[in-house]
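Below is one structure, written out as structure tokens; the observations come after it.
What follows draws every value from the coordinates through simple rules; no lab data is involved. Everything numeric in this text was worked out from a predicted model, so none of it was measured. Using ideal geometry, Cβ is built from the backbone for each residue, glycine included, and neighbour counts are taken over all protein chains shown.
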Amino acid sequence: MSLFNVFNVASSALGAQSMRLNAVASNLANADSVISSDGEPYRAKQVVFQATPMGNMGDLSQGVAVREVVNDPAPPRMQYDPSSPFADDKGYVKMSNVNVVEEMVNMISASRSYQTNVEIMNTAKQMMMKTLQIGQA
Amino acid sequence: MFSNITADVSYYKTAMDLRVQRQQIIASNIANADTPQYKAKDFDFSQALQGAMYGRQQGDLTLAKTSTRHIEGSANPASGYLQYRTEKQSAVDGNTVDMDLERAAIAENSMQYEVLTRLISDKFSGIKSALASPQG
């Protein structure tokens, strides 16, 4: 039954949006990190979405997949803190390049999209239940 | 009455198939609301149903039969002819999904689907009451 494809599409979107939310959580948690595991200042992570065909319906049902996770190319934030052990000779410390406002917007957008896709699943479920009730009146 | 049960039910079946297809395409649009360069798609339901009822798919040509010995092609499963939506507001990332429009479309489509299930049920209950003996 091809209504199951709606579930596949919606669940792929749920997965993708929760990955985005994960990236937002990492970015916000590391908004003030000076050094990340590779010794450089932390770079904000952004997920890139890509449409992927679901089932064998061609263009008819397209889910979402995370194509890649990219590092934000923005330059690191320079903060004046001469007492820090990571300060350069002018007293500036390279901080992470996380834009907190942008991440908050991303978070709201991801959670809204997540909710909408859950609703799509509920609608598909309701349609299936109605189909099963044909002839039972 | 019984002669046209199959015809009636198959009409509803075709309509339901198309409704399910439309549900899939709208669900895809909503799932890809944040995908860069994704273009929202949809098809014209009434045109697709008409096309399916006349036994031809839109955008396709049917075989011409010039001899009585030519074999009748089996009917293709009904499917809509996908078209891109015209965007009302453009987005910087090239995405053309308008969430309000898609939400309205999916609500309308699922409601119409439920109407179809009800119509089929009513058809069957009509037959049942015709079959029921008046003596009880």
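Remarks
- Lys, Arg +1 and Asp, Glu -1 on Cβ, resulting dipole of the range B:1-55 about Cα centre, debye, nearest 20: 60
- Among A:P41, A:L3, A:N99 the positive-end extreme of the charge dipole of the protein assembly as shown (Cβ point charges): A:L3
- Here the protein assembly as shown is assigned +1 on the Cβ of each Lys and Arg and -1 on the Cβ of each Asp and Glu. Its dipole about the Cα centre then comes out at about 1140 debye.
- Note on the range A:57-103: Rg/Rh from C-alpha atoms, Kirkwood Rh, equals 1.37.
- Counting Cβ atoms of other protein chains within 10 Å of each Cβ in A:43-55 and taking the mean gives 3.
- The range A:22-124: chymotrypsin sites (Phe, Trp or Tyr not before Pro) falling in loop per DSSP and having at most 15 other Cβ within 10 Å: A:F86
- The percentage of C-alpha pairs in chain A whose separation is greater than 27 Å is 42%.
- Axis angle, to the nearest 10 degrees, between helix A:100-132 and the longest C-alpha principal axis of chain A: 10 degrees.
- Based on DSSP H segments of at least four residues, each scored -39500 (n - 2.57), the protein assembly as shown has a per-residue ellipticity at 222 nm of -17000 deg cm²/dmol.
- Chain A: relative contact order in percent, alpha carbon pairs under 8 Å with at least 6 residues between: 30
- Entries of B:K13/B:K128; B:K39/B:K65; A:K45/A:K90; B:K41/B:K65 with Cα pairs more than 31 Å apart: B:K39/B:K65; B:K41/B:K65
- Dipole of chain A, positive direction: furthest Cα of A:N30, A:A87, A:V66, with charges on the beta-carbon: A:V66
- In this Cβ point-charge picture (+1 for Lys and Arg, -1 for Asp and Glu), chain A has a dipole of about 580 debye about its Cα centre.
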